[in-house]
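Written out below as C-alpha cells is the structure these notes cover.
The values are calculated or read from the model by the stated rules, or taken from the named source; none is laboratory data. On a predicted model such as this, the values are computed, not experimentally measured, just so you know. Neighbour counts are summed over all protein chains in view; Cβ atoms, including those assigned to glycine, are modelled from backbone coordinates with ideal geometry. Note: areas computed on protein heavy atoms with side chains; ligands, DNA, RNA excluded. Shrake-Rupley method; radii C 1.70, N 1.55, O 1.52, S 1.80 Å.
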Amino acid sequence: MSAPSPQPSSSEPAADKDGVLSPPPDAGLRPAGPTPSQSRFQVDLVAEAAAAAAGSAEDKSPGTDTSSSAPTQDPAPASGGEEAKGRFRVVNFADPSSCGSASAGAASPEAGAPADGHQNGDTVMSESSLHSSTGGGQHHYHYDTHTNTYYLRTFGHNTIDAVPNIDFYRQTAAPLGEKLIRPTLSELHDELDKEPFEDGFPNGDEMSPAEEAAAKEAAESKGVVKFGWIKGVLVRCMLNIWGVMLFIRMSWIVGQAGIALSCLIVAMATVVTTITGLSTSAIATNGFVRGGGAYYLISRSLGPEFGGSIGLIFAFANAVAVAMYVVGFAETVVELLVSVDAIMTDQINDIRIIGTITVILLLGISVAGMEWEAKAQIFLLFVLITAIINYFIGTFIPLKHKEPKGYFGYDGAIMWENMGPDFREQTFFSVFAIFFPAATGILAGANISGDLADPQMAIPKGTMLAILVTGIVYLGVAVSTGSCIVRDASGNATDTVSSLLSANCTDAACNFGYDFSSCKSDKDGCKFGLHNDFQVMSMVSGFGPIITAGIFSATLSSALASLVSAPKVFQALCKDNIYPGLAHFAKGYGKNNEPLRGYILTFVIALAFILIAKLNIIAPIISNFFLASYALINFSVFHASLANSPGWRPSFKYYNMWVSLAGAILCCVVMFVINWWAALFTNVIVLGLYIYVSYKKPDVNWGSSTQALTYHQALTHTLRLSGVEDHIKNFRPQCLVMTGYPNSRPALLDLVHSFTKNVGLMVCGHIRMGYRRPNFKEVANEQARYQRWLIKHECKAFYTPVFADDMRQGAQYLLQAAGLGRLKPNTLVLGFKNDWRDGDMMNVETYISMIHDAFDSQYGAVILRLTEGLDVSHIQGQDELLSSQERAGGMKDVIVSVETSKDSDADSSKLSSKATSLQNSPAIQKDDEDDGRATTQPLLKKADKKSPSVPLNVCDQRLLEASQQFQRKQGKGTVDVWWLFDDGGLTLLIPYLLTNKKRWKDCKIRVFIGGKINRIDHDRRAMATLLSKFRIDFSDITVLGDINTKPKKEHISAFEEMIEPYRLKEDEMEQDAAERLKNSEPWRITDNELELYRTKTNRQVRLNELLKEHSSTANLIVMSLPLARKGTVSSALYMAWLETLSKELPPILLVRGNHQSVLTFYS
C-alpha cells in the first residue's frame, strides 16, 4: 500500500529503458533520511545499477549488476544498523553462511544474508548486509525513508508488503538467520497521515527474560562447539545404557530367570524405553529445542508446574547417579586390589578414596569443555565395544581349563537347561528391578540438546538407534551366556562324573564329564557358574583384562554423561527462574556457556553420596526419578495430542497418543515394581514441587498443552452448557457491572465480586465515547492490560470495553453482546449517579434509559449507592498505575483521553476536553509490596509515599476510605433486606450469597416486609415459613405496617424543592410551547404525572424515613428497586425517587430481578 509515485523530477530517480530506476545525479550526496514533503509511507527507490547504466564506482549505488563480482560501497547511510528501528527490525546475529568473500572489500561479515535469499526475494536486508552481499542476480532493494532500512522489492513493484520468510517466525536469534519483524497491519492498513503504533511481537510472541538472555547469548557466541547425531546422541545414549550391569549382572539375571524370562525382562525394559524414545522424538521435533533436555521437553509441553518439579529431581538424580557409577567403578578397583593384596586401609574407605579421586578427575574433564568430554566419550565407547566383541569372541573359544568354572561353549543341552527360571531368594519382579536401571540412559543425548547442531534430527535418530543396538546386545548376551555356561560350577577340575554315579547325573555338565552336585549340597555352595560368579563374562572372554577395562569404561562413561547432564538441566531450570532462589546457578561461562557453578554443585552432591559408599538404598530412588521423567514425557505426548492444539505438529510421525499413554502407565507400574516405597517417595516429591510451583505461579508462557487442553475443555463445556435448558436450582447472578476502568470504582467491583466469586459470571463493562476515530488497537491493548490487572488482584471477572457514540448505545451493545452462550450476564449493575443534579440532564435521561433497556432485555437491575460516591479515578495517580515496563513500552500516541468526572458513578466514561497521553490513563497497578486482594490499597500507599506534597481534601479522604470498606472483614453486623416487592427472589438471593462469604459471614440477615397493622403476626409467620422453605437463615423479620403513613411535611417540602427546577409547568404556558419544550427536554416532569404518582412519591419519602429509623446502623441495605413505567414517568422524577429513597443512609443496594423465579424450595 505505498503512496502513488510522483512524477519524476530533477531530484528524483527516473526509469531507464530496462524499467530499472536510475539514480539522480546527486544520489551520493543526498541525505538518507526523509524530506519534509515525503509522507510516512512514501518509499524512495534506491538507485540500482543496470548492465547498460553507467554503473561504475563513481555511481555510489548500493546495488550491483549481474556482471559485478563485488558489491560497491553504500552511500554513507545516515545512521548505523543499531539505529534502524524499522518494521524489519534485526536482532543482532552473526550468519556464518553469508559472510562476504575476500573480494567484498569493506563488507561486514556479521550482517550478511544468505545468497540464495537475494534471488528468491524472501530476505530483507539491513544496510550493513548490502556491503557483504555477493553477486549472483540483479538485486531490487527498497529504502524506507522513515525507518532507514533497505527492503527487497516484493514481486518487483513498490510496496512494503513482505513475502513469506522464515526469519519473521523466529522468536530469538537462531543459527540459520536473522530475527526480522514483518510489516505490521497498521503500517499496511492505516491511513497515510496516521502514525502507526510501535512495533511489537504479534500473537503473544513477546520474549521472556530467559529467552531474551538466550538470544543475547546466541548472538554473541562464536565458534561454539555443536555435535551431530552420532557424537552428540548415539554415543552418549549407548554409553549410558551399557552400564556396569552388562558385564557383572547380566549373567546373574540369566541364572535366576533363565534365557526365556531374561529375554522377556530385556524386552519389557526395551518396550518402556522405546515408547519413551518415540515420545521424546515427537516432542523434540515439535519446534526448536534449546538446552535443558528432559526438563525443557516436559516444561514446554506440560508447563512449568510439571517441568519445574521434574527438572529439579531429574538434575538431582543425575547428580546422585554420578556417585552411583563412580562407586561401581571404585568397587571394581578395590576388588582388583584385594585380589593382589594391595588394599590401602579397608574396603569401605578405599572405595571412598578411589571414588573421590575419580570424581575429581571427571570434573576436570567436564570443566575443560564439551569437546574434551566428547573425545573422552568416544574413547570410552571404543573400549566398551572392544570389551563386548572380546566377550563374544571368547564364547566361541572353549578352553579346557575353563570347564571346571562352568564354561563349556555353545551346547543345546546347556541352553535347554537354562531356558527356564531358577529363582533363588528372588522373584521375577525383583530381578526385573535389578536389571531395569541398565536400560535407563535414553535421555543422555536429549539432556545436552543445547549443544546439538540439529536437535530435531539428532534426538530421534540417535536415541532410537541407541535403544535398538543396546537392546540387541543385551538379548545377545542373555542368549549367549545361557547357551554356554551352566548355573553352578565348583571350579574344581576333580569334580568329574564317576562311572558308578553316572546314572544319577542329569545336569548338562554331565555330558561334558563334570558333576557339580557336591558343591550344590555344600553349605557354602558353588563359587562359579551363572548364579554365583559376577565375573563370568570376564572368565569367558578371549582376554579377561579387556572386560575389566570395559567395566571401567561403562561406569566412567555413565558417570561422565551424568556429570554433564545434571548441570545442563539444572542451568536451564535456573534460567527460567521457576525457583527464584536458584537463579545464581543460571550463569554460564565461556563460548559454550558452560554451567561451572552447576558443575561444582553436582560435584558436591556426588561427593556426599560417594562418601556413603553404600548405594543399595539410593539406587532405586534414582531409577524412580528417571522413570518419573519418562512417565511425564510419555504423558506430555498424550496430553498434547488430546488437547488437539494446532501448534502440535511434530515432524516425527511414528508415535501414537494411546501408545504414549500406555507407556506412561507402564513407567508408573515399573516404579512400584522396582521399589514401592521409593516410588511413593518420588511421587510425594513431584507432587510437593508441583504444588509449590502452582502456588508461586511463575510468570512464563510457553504455550503448553495444559493451556491448550484448558481452552479445549472450556470450549467443549461451554457448548455443552448451551444445549441445556436453564433451571431455577442452577440460577446464578451473572452480572454486567458498569465499572468503567476496573480500578475506577473499587467499592462497586468489590461488592459485586463478593457475591459472584466462584458462583457466577462478572463482566466489567466500559463504554468508550467521544472518539472521532475509534482506536481499536489501543482498546484491544487496554483489554489485555486490564484483564491482567483483574487477575493480579484475584478478581474473577472479565473486562469488556466497547466504543459507542453515547452511553446508552454502548450499554445496549454490552447488554446484547456480552458473554458467550450460557455464560451471559443476566443482571445489570450500576453505580448511583450522585451528580445527577449538577450536569446535563440528558445524561440522566441516558442513565434511566439504560435501566429501561436492561428490563427490556430481561435483565435484572442493581444500583449501588454510597453517600461518599464511588468513582476514585480523579484521586489515583493514574501515571503511577502503569508499571515501569508498560510506561516504557512506548504508548505515546496523543489521543483524546477518556476521563470520568468525580461523582458520575454511572457513566463508564466521559469525554475530556483536553488531549492527553495514553500514559495518563489508568492501567495495570503492579505493586510488589502488596500482592493481596485489595484493589486500591497499593494506590494509597503509593500516594502516601510519593506525593506527600499534595494532601487529600476531606471529601476525597472520605471517598477513599469508603471505597475500601468492602475489602475489609465486616465483623458482626447486619445486612438488612427490605423485600417489599416480589421480583423472583433476586433481592433475597444476593444477601444470602454475600453472607456465605468469609468477609460477610458474621453479618446476620434481617428481613423487612410491608404489611397491614391488623395482620402483622400473620405476615411475619408467612415470611418465616417461606424463608425456612428456601433454607435461608435470618435473625429477625420486621413487618412494616406504617409504610403508607403520610411522611413528614418537611420531607415532602424538601422533595418538592428538589424537583422544582425540572418541572415542565405546562399549565403556565401555551400547549404548543409546552409540547416543544417536552420534546426537546423529555426529562421534564409534567404536572399531570406529578399528581398521578403523588402516592408513589410519598411512599419513597416515607420509606427513607423508615430506613433511617430501622437500618441506620446496618453494614448494607438491600432493597427492592422501585419501578417506573417506561414512557409515563419522566427520568427526572424517577431519579428524584431514587435520590429520596436512598439518601443519607449506609451503603444501599437497590435490586430488582426480572420477575423470573431464582429461588425454589423443591428438590
**OP:** Kindly indicate whether any position in region 1000-1015 is in contact (Cβ under 8 Å) with a residue 24 or more places away in the chain, under 24 Å from MET1119 (Cβ atoms), open to solvent by less than 70 Å² (accessible area, probe 1.4 Å) and more than 54 Å from the chain's Cα centre (by Cα).
**Re:** yes
Subject >> Those residues of region 640-695 which are open to solvent by 50 Å² or more (accessible area, probe 1.4 Å), out of contact with any Ser or Thr (no Cβ under 6 Å at 6 or more places or on another chain) and not in a helix (DSSP H, G or I), in sequence order >> reply: ASN644, PRO646, ARG649, LYS653, TYR654, TYR655, ASN656
Original post:
Do we have THR718 as modelled with pLDDT under 90, farther than 18 Å from ILE791 by Cβ, in contact with a strand residue (DSSP E or B) (Cβ under 8 Å, 6 or more places away or on another chain) and of a type in the set (Ser, Thr, Tyr) here?
Top reply: yes
**OP:** Kindly provide the set of residues from region 782-818 that are more than 29 Å from MET842 (Cα to Cα) and assigned to a loop (DSSP other than H, G, I, E, B), ordered by number.
**Re:** HIS793, GLU794, CYS795, LYS796, ALA797
Original post:
Does ASN286 meet the test of being open to solvent by less than 10 Å² (accessible area, probe 1.4 Å), more than 14 Å from the chain's Cα centre (by Cα) and not aliphatic (A, V, I, L, M)?
Top reply: no
Original post:
So how many residues does region 403-424 have that are outside any helix (DSSP H, G or I), open to solvent by less than 60 Å² (accessible area, probe 1.4 Å) and of a type outside the set (A, V, I, L, M, F, W, C)?
Top reply: 7
Original post:
If you take the residues in region 342-400 that are of a type in the set (Val, Ile, Thr) and more than 30 Å from SER565 (Cα to Cα), which one is least open to solvent (accessible area, probe 1.4 Å)?
Top reply: THR395
**OP:** Give the residues of region 437-479 that are acidic (Asp, Glu) and touching a strand residue (DSSP E or B) at 6+ places or on another chain (Cβ under 9 Å), sorted by residue number.
**Re:** ASP451
Subject >> Test result for PHE316, open to solvent by 10 Å² or more (accessible area, probe 1.4 Å), at pLDDT 80 or above, closer than 30 Å to CYS519 by Cβ and not small (Gly, Ala, Ser) >> reply: no
Subject >> Flag if GLU1139 is open to solvent by 50 Å² or more (accessible area, probe 1.4 Å) and in a helix (DSSP H, G or I) >> reply: no
Subject >> Top-ranked residue of region 1063-1119 - restricted to ones that are free of Cβ contacts under 8 Å to residues at least 12 places away in the same chain and of a type in the set (Gly, Ala, Ser), ranked as surrounded by the fewest Cβ atoms within 10 Å (Cβ to Cβ) >> reply: SER1080
**OP:** Would you check if TYR325 is under 27 Å from LEU689 (Cβ atoms), touching a Lys or Arg at 6+ places or on another chain (Cβ under 7 Å) and not in a loop (DSSP other than H, G, I, E, B)?
**Re:** no
**OP:** Within region 854-884, count every residue that is surrounded by fewer than 21 Cβ atoms within 10 Å (Cβ to Cβ), farther than 18 Å from LEU986 by Cβ, at pLDDT 85 or above and not polar (S, T, N, Q).
**Re:** 1
**OP:** Considering (1) small (Gly, Ala, Ser); (2) surrounded by 15 or more Cβ atoms within 10 Å (Cβ to Cβ); (3) modelled with pLDDT under 75, say which one SER499 fails and leave the rest.
**Re:** (2)
Subject >> Residue ID - modelled with the highest pLDDT, chosen from residues in region 425-446 that are in contact with a helix residue (DSSP H, G or I) (Cβ under 7 Å, 6 or more places away or on another chain) and outside any helix (DSSP H, G or I) >> reply: ILE442
Original post:
Quick check, is ILE674 aliphatic (A, V, I, L, M), modelled with pLDDT under 90 and farther than 19 Å from LEU297 by Cβ?
Top reply: yes
Original post:
Out of curiosity, is LEU582 touching a Phe, Trp or Tyr at 6+ places or on another chain (Cβ under 9 Å), assigned to a loop (DSSP other than H, G, I, E, B) and at pLDDT below 85?
Top reply: no
**OP:** Give me the pairs, please: first residue somewhere in region 307-324 and closer than 12 Å to ASN447 by Cβ and charged (D, E, K, R), second residue anywhere and modelled with pLDDT under 85 and outside any helix (DSSP H, G or I), beta-carbon distance under 9 Å, and either six or more positions apart or on two chains.
**Re:** none
Subject >> Filter result for the condition that a residue is over 30 Å from VAL844 (Cβ atoms), out of contact with any strand residue (DSSP E or B) (no Cβ under 8 Å at 6 or more places or on another chain) and open to solvent by less than 90 Å² (accessible area, probe 1.4 Å), over SER1028, SER1053 >> reply: SER1028
Original post:
Which one is modelled with the highest pLDDT, of the residues in region 613-639 that are of a type in the set (Phe, Trp, Tyr) and open to solvent by less than 40 Å² (accessible area, probe 1.4 Å)?
Top reply: PHE638
Subject >> Hits in region 769-814 (condition: within 19 Å of the chain's Cα centre (by Cα), among the aliphatic types (A, V, I, L, M) and surrounded by 20 or more Cβ atoms within 10 Å (Cβ to Cβ)) >> reply: LEU790
Subject >> Members of region 516-529 found to be open to solvent by 20 Å² or more (accessible area, probe 1.4 Å) and either among the polar types (S, T, N, Q) or modelled with pLDDT under 75 (or both), listed by number >> reply: SER517, SER518, LYS520, SER521, ASP522, LYS523, ASP524, GLY525
**OP:** Answer yes if at least one residue in region 367-381 is touching a residue at least 40 places away in the same chain (Cβ under 8 Å) and among the aromatic types (Phe, Trp, Tyr), and no otherwise.
**Re:** no
**OP:** Identify all residues within region 817-841 that are of a type in the set (A, V, I, L, M), open to solvent by 10 Å² or more (accessible area, probe 1.4 Å) and within 17 Å of VAL752 (Cα to Cα); write none if there are none.
**Re:** LEU823
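To keep it simple, each residue is scored yes or no on (1) modelled with pLDDT of 85 or more; (2) outside any helix (DSSP H, G or I); (3) within 19 Å of MET464 (Cα to Cα).
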residue: GLU195; (1), (2), (3): no, yes, no
residue: GLU206; (1), (2), (3): no, yes, no
residue: ILE230; (1), (2), (3): yes, no, yes
residue: MET238; (1), (2), (3): yes, no, yes
residue: GLY243; (1), (2), (3): no, yes, yes
residue: ALA257; (1), (2), (3): yes, no, no
residue: MET268; (1), (2), (3): yes, no, yes
residue: THR274; (1), (2), (3): yes, no, yes
residue: THR280; (1), (2), (3): yes, no, yes
